[in-house]
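The values are calculated or read from the model by the stated rules, or taken from the named source; none is laboratory data. Please read all numbers here as calculations on a predicted model, not as lab measurements. Note: ideal-geometry Cβ built from the backbone for every residue, glycine included; neighbour counts use all protein chains shown. Protein only, heavy atoms only, side chains kept; ligands, DNA and RNA dropped before computing areas. Shrake-Rupley method; radii C 1.70, N 1.55, O 1.52, S 1.80 Å.
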Amino acid sequence: MAQDQLPAPNTARKILHIDLDAFYAAVEQRDFPELRGRPVVVGGAPNSRGVVATCSYEARAFGIRSAMPASQAYRLCPEAVFVQPRFEVYRAISLEMRAIFLEFTELVEPVSLDEAYLDVSARSLSFDSALGIAREIKRRIRETTGLTASAGVSYNKFLAKIASDRNKPDGLCLILPEQGRNLVADLPIRAFHGIGRATEAKLRALGIERGRDLQRWPLARLIRQFGKAGEHYHRIAHGIDERPVLPNRSRKSWGAETTFPTDLSDKAEMIASLARLAEEVLRRLARQGLEARGLTIKVKYDNFQQVTRTRTLDHPFRDLREVLPHLAELLDRTAAGTRKVRLLGVSFSSLERPSPAGQLDLFTLD
Ligand code: TTP
Ligand code: MG
């Protein structure tokens, strides 16, 4: 039997998939309250040859979808509000979201601006605790960005992604190892991530409509039809997916930030908070075997206006003690204290790998 060749689900793995809801459209509704509750289409103008990047859930009720011509979206819902994308804003939010992920694990694999896989196996022994992390990440995203995300928790990437899709928007869904195979059985082939339209058509031509049809196909036949991809289809059909979460290792900076429950006006408290953040990031850098020469603080005032101040040394920061005076000086170059502060952040850049004592450092990361 083909199934007999499959490994058992690796129940020690705890994988999260996080995806913001109606990302660009949600940002526009956040920043322009008059758009809330209305069908909003982000992308090309209705009379242009442009397409829909995304649309609000109110617009989805009219059948509007990503990648649809804007003119078609207009015909489906003439009262929709059409807005141009603001990519700089989306990129900044994406970075804020990644900073949150990195508070929980270094194993973060970004898939797109609004989507990532996280491997939290090291800090959650049970699925319950992984679910708790997912809930906490959703809360932090909402608190920091004002946006809702959907989170899926499972024992591999394939099922975590399916889980995050299930209860959108603002969803949270756990798929346990004993549920994986049955759940896949019911899924239409189109819902399989990684199966595009062409493959879907081919599978349907073979009479494969749902996961359960795929489960019945012997591995050898799938490989004959689809080559190496056939093996992947066979595995995911049985709820098996051993692809690791691959963190993006070429990042240029590491940071952490915190939003206060009530705005701070006392500078000593601010410095204490910056020190805690710096300590946390230095610890993460050390775990990655990295050192940093650049230090940036971010200050968001109570009116949401935000400034950053940066210092770069000619040698890497050795420890928190060496960082502290710079934190205070950078903070002095902001209006913090005279103005109230709702958020503080610290990031380190100009990352290097320390070379063995005395040698020239030939491996600088930026
Ligand atoms: P998605 O996560 O696919 O979509 P979404 O966040 O808008 O909606 P949801 O996740 O709730 O289903 O894509 C993220 C962003 O990427 C989306 O807001 C806009 C952009 N995008 C495009 O520009 N073109 C596309 O075809 C798609 C699918 C997305
Ligand atoms: Mg999304």
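Residue under question is residue 194, and the condition is that it be within 25 Å of residue 121 (Cβ to Cβ), away from ligand 2 (no atom under 16 Å from the Cβ) and among the small types (Gly, Ala, Ser); does it hold?
Spelling it out, residue 194 is indeed within 25 Å of residue 121 (Cβ to Cβ), away from ligand 2 (no atom under 16 Å from the Cβ) and among the small types (Gly, Ala, Ser).
Looking for something surrounded by fewer than 17 Cβ atoms within 10 Å (Cβ to Cβ) and assigned to a loop (DSSP other than H, G, I, E, B) - is there at least one such residue anywhere in the range 172-180?
yes
With the structure loaded, tell me whether residue 141 is within 15 Å of ligand 1 (Cβ to nearest atom), under 19 Å from the mean Cα position of the chain (by Cα) and buried (at least 19 other Cβ atoms within 10 Å of the Cβ) or whether it fails that test.
Working: within 15 Å of ligand 1 (Cβ to nearest atom): yes; under 19 Å from the mean Cα position of the chain (by Cα): yes; buried (at least 19 other Cβ atoms within 10 Å of the Cβ): yes.
Against the criterion (within 15 Å of ligand 1 (Cβ to nearest atom), under 19 Å from the mean Cα position of the chain (by Cα) and buried (at least 19 other Cβ atoms within 10 Å of the Cβ)), residue 141 qualifies.
Residues that are more than 19 Å from the chain's Cα centre (by Cα), at least 2 per element: which strands (runs of 3 or more DSSP E) completely within the range 17-114 meet that?
40-43, 52-55, 81-83
Out of curiosity, is residue 143 acidic (Asp, Glu) and not in a loop (DSSP other than H, G, I, E, B)? Please lay out each step first, then the result.
Values: acidic (Asp, Glu): yes; not in a loop (DSSP other than H, G, I, E, B): yes.
Spelling it out, residue 143 is indeed acidic (Asp, Glu) and not in a loop (DSSP other than H, G, I, E, B).
Using beta carbons and a limit of 6 Å, which pairs, at least six apart or on different chains, have the first residue in the range 154-165 and on the phi > 0 side of the Ramachandran plot and the second one within 13 Å of ligand 1 (Cβ to nearest atom)?
none
This table checks each residue for (1) charged (D, E, K, R); (2) surrounded by fewer than 20 Cβ atoms within 10 Å (Cβ to Cβ).
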{"site": "252", "(1), (2)": "yes, yes"}
{"site": "283", "(1), (2)": "yes, yes"}
{"site": "290", "(1), (2)": "no, yes"}
{"site": "295", "(1), (2)": "no, no"}
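Condition check ((1) in a strand (DSSP E or B); (2) without any contact (Cβ under 8 Å) to a residue 60 or more places away in the chain) across all residues:
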site: 304; (1), (2): no, yes
site: 308; (1), (2): yes, yes
site: 311; (1), (2): yes, yes
site: 315; (1), (2): no, yes
site: 322; (1), (2): no, yes
site: 326; (1), (2): no, yes
site: 330; (1), (2): no, yes
site: 334; (1), (2): no, yes
site: 346; (1), (2): yes, no
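Being open to solvent by 70 Å² or more (accessible area, probe 1.4 Å), assigned to a helix (DSSP H, G or I) and in contact with a helix residue (DSSP H, G or I) (Cβ under 8 Å, 6 or more places away or on another chain) is the filter here, so list the residues in the range 223-250 that pass it.
224, 225 - these are the residues of the range 223-250 that are open to solvent by 70 Å² or more (accessible area, probe 1.4 Å), assigned to a helix (DSSP H, G or I) and in contact with a helix residue (DSSP H, G or I) (Cβ under 8 Å, 6 or more places away or on another chain).
Here's a check for you: in the range 2-31, which residue that is free of Cβ contacts under 8 Å to residues at least 40 places away in the same chain and open to solvent by 10 Å² or more (accessible area, probe 1.4 Å) is nearest to ligand 2 (Cβ to nearest atom)?
Only one residue fits best here, namely 29.
If you go through the range 197-211 one residue at a time, do you hit one that is touching a residue at least 40 places away in the same chain (Cβ under 8 Å) and either in a loop (DSSP other than H, G, I, E, B) or not assigned by TED's automatic domain parsing to the domain that holds residue 60 (or both)?
no
For residues that are among the polar types (S, T, N, Q) and within 11 Å of ligand 1 (Cβ to nearest atom), tally how many sit in the range 49-80.
Let us first name the residues in the range 49-80 that are among the polar types (S, T, N, Q), namely 54, 56, 66, 71-72.
So of that shortlist, the ones also within 11 Å of ligand 1 (Cβ to nearest atom) come out as 54, 56, 66.
Of the residues in the range 49-80, 3 are among the polar types (S, T, N, Q) and within 11 Å of ligand 1 (Cβ to nearest atom).
Quick one: in the range 71-125, of everything that is among the aromatic types (Phe, Trp, Tyr) and away from ligand 2 (no atom under 16 Å from the Cβ), which residue is least open to solvent (accessible area, probe 1.4 Å)?
104
Would you mind telling me which numbered condition in (1) away from ligand 1 (no atom under 15 Å from the Cβ); (2) surrounded by fewer than 16 Cβ atoms within 10 Å (Cβ to Cβ) residue 46 fails?
Of the numbered conditions (1) away from ligand 1 (no atom under 15 Å from the Cβ); (2) surrounded by fewer than 16 Cβ atoms within 10 Å (Cβ to Cβ), the odd one out for residue 46 is (2).
Just checking, how many residues over the range 102-116 are within 13 Å of residue 251 (Cα to Cα) and within 16 Å of ligand 1 (Cβ to nearest atom)?
2
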